[in-house]
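Participant: Got a structure for you, written out below as structure tokens; questions coming shortly.
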Amino acid sequence: MTSYSMTAPQLAEKLGYTANAVMFGETIRMIFWVIGLIVGGAVISKIGIKKTVILAMASLLIPQFLFPYIKNYGLLLVLKAIQGFASMSWPAFVVATMGWVRGKQIGLASGIFLGGSLAGGGIGGFIVGHVIPSMGWQASFWVLGLISVVVVIIWYLTVEIAPAAPAPKESAVEKEVSEVSPFSKMLRMPETWLLSLIMLGSTWMLFGLLSTLPIYGSYLGYDVTHVGNLMTAVSIGYIVAALIGGSVSDMIAKKMGNQLKGRAMTMVIGFAVAIIGAILLPVLAPVSFGAFYFAALLGAFGNSWPQAVFWAVPSVAYTPDVEAAGTGFTGGVGNISDPIAPLVIGVVLGSAGLWSMGWWTCAIASAVALIASIFLAARGKPDAA
């Protein structure tokens with residue numbers, strides 16, 4: 001997907017449209033990305049983890065190889081919609097990872113998983129940045145696509161899926177409830193809606209910050225070099241916070257003797273930092289670039305921290321039969337903010353000069369997620385001896 005955004009001008013010229021029209025394809029992709037996450041758990045339940053990953057990667061890579069050759073704008077949008085279903089791989093990868101580390105360092109594993117996904121965008125940008133000048137923009141799609149094919153094949157051949165954890169003994173009432181589909185069972189659980197609120201509050205700030213921070217920097221008069229350095233630092237901050245937050249959640253959960261409560265309270269810490277960062281951003285950013293740098297990094301660190309913990313939570317909040325459905329659904333609902341947050345913060349409020357109000361929406365969203373995390377912690381049960 002990195003190759004698409006970096007070659008938008010060339011695609012626009014080829015199709016006879018503007019770069020903005022081409023980038024509208026990313027909005028289409030994100031709409032279907034949300035749908036893919038929501039249905040991903042159900043797909044996993046039907047065909048299994050590995051087949052779901054292959055289906056998702058086919059949705060991603062077939063359009064990837066076709067983009068350099070299409071001549072129709074409508075087809076471009078259709079292919080971007082198909083790419084959105086690549087998100088079905090996300091709950092599949094999460095469930096596969098948590099299956100092997102269940103009851104161990106699931107927080108650290110979740111942090112590494114999220115950190116790796118964040119790093120992927122940077123690595124892809126680095127590769128495309130070198131391929132385009134030497135091999136042409138069309139080649140960038142093929143190079144990244146072939147690398148992805150190799151990685152998926154290696155993953156498929158080498159990774160074994162852990163056997164499902166044994167289901168706990170059920171009472172007569174629980175047995176009656178279990179006869180409904182995992183998806184229906186998941187929808188009835190308060191944990192599902194609390195997790196959805198947590199992710200929604202988190203991604204509002206994530207997409208708002210990463211999408212509009214460069215525009216905000218330019219609005220304040222900082223040059224392109226400064227803003228570029230800031231975005232690199234923010235990306236690194238997200239990765240570091242993911243690793244630290246995940247590890248800390250393991251320690252707190254172990255100390256509390258309550259997996260769900262410990263991880264939920266760890267998310268509370270991150271959201272508190274994110275709120276402070278979002279409030280300080282419009283106050284410090286106009287003062288100096290150093291102050292801008294500090295506030296942005298603080299907000300990014302706090303925002304990434306709970307996201308790293310989040311992906312470990314479904315494995316302790318749900319029973320194994322519901323885990324895949326819950327992981328995909330809560331992640332999908334939580335990602336609804338992707339196309340909305342940049343529009344509200346950058347276009348509606350930013351274009352009117354109301355940037356302070358835009359950053360306050362991030363603080364409010366994080367506060368809602370913090371409160372939901374506290375309620376989730378209250379539902380935690382002590383670990384079995």
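Participant: Listed highest first by mean packing, meaning other Cβ atoms within 10 Å per residue, what order do 183-191, 346-354 come in?
Facilitator: On the way: 183-191: 16.7, 346-354: 14.6.
Going by the mean number of other Cβ atoms within 10 Å, highest first, we get 183-191, 346-354.
Participant: Based on alpha-carbon centroids, what's the gap between segment 1-67 and segment 246-323 in Å, whole number please?
Facilitator: 28 Å
Participant: Let me ask something else. So if each residue of separation counts as 0.36 nm, and I subtract the Cα-Cα distance between Ile35 and Ile154, what length gain in nm does that give?
Facilitator: Values: separation 119, 0.36 × 119 = 42.84 nm, distance 2.73 nm.
Extending this stretch completely gives an extra 40.1 nm.
Participant: Right, here's the next one. Please report the relative contact order for the chain, taking Cα pairs under 8 Å with a sequence separation of at least 6, and give it as a percent rounded to a whole number.
Facilitator: Working: 610 pairs, mean separation 98.0, N = 385.
The value is 25 percent.
Participant: By how many nm would the segment from Phe65 to Ile127 grow when fully extended, if each residue of separation counts as 0.36 nm and the alpha-carbon distance is taken off?
Facilitator: Details: separation 62, 0.36 × 62 = 22.32 nm, distance 1.65 nm.
Roughly 20.7 nm would be gained on extension.
Participant: Taking a ≥ b ≥ c as the square roots of the eigenvalues of the Cα gyration tensor of the chain, is the shape rounded (a/c under 1.5), prolate (a/b larger than b/c) or oblate?
Facilitator: Oblate is the answer for the chain, as a/c is 1.5 or above yet b/c matches or exceeds a/b.
Participant: Which helices count as membrane-span-like in the chain under these terms: full DSSP H, at least 15 Å along the axis by C-alpha, Kyte-Doolittle mean of -1.0 or more?
Facilitator: 19-47, 49-66, 73-84, 89-101, 106-135, 137-158, 190-219, 224-256, 259-284, 289-310, 320-334, 355-378
Participant: Sort 284-293, 326-335 for me by packing, meaning the mean count of neighbouring Cβ atoms within 10 Å per residue, highest on top.
Facilitator: Details: 284-293: 16.0, 326-335: 26.6.
Going by the mean number of other Cβ atoms within 10 Å, highest first, we get 326-335, 284-293.
Participant: Placing +1 at every Lys and Arg Cβ and -1 at every Asp and Glu Cβ, with all other atoms neutral, what dipole size does segment 4-92 have around its Cα centre, in debye to the nearest 20? Working shown, then result.
Facilitator: On the way: 7 positive and 2 negative charges, 55 e Å.
I would put it at about 260 debye.
Participant: Taking a ≥ b ≥ c as the square roots of the Cα gyration tensor eigenvalues, with a/c under 1.5 meaning rounded and otherwise prolate when a/b beats b/c, else oblate, which class fits segment 229-384?
Facilitator: Details: a/c = 2.34, a/b = 1.74, b/c = 1.34.
Note, shape of segment 229-384 comes out prolate.
Each reported figure results from applying straightforward, stated rules to the coordinates on display, with no laboratory input. On a predicted model such as this, the values are computed, not experimentally measured, just so you know. Neighbour counts run over all protein chains shown; Cβ positions are idealised from the backbone, glycine included.
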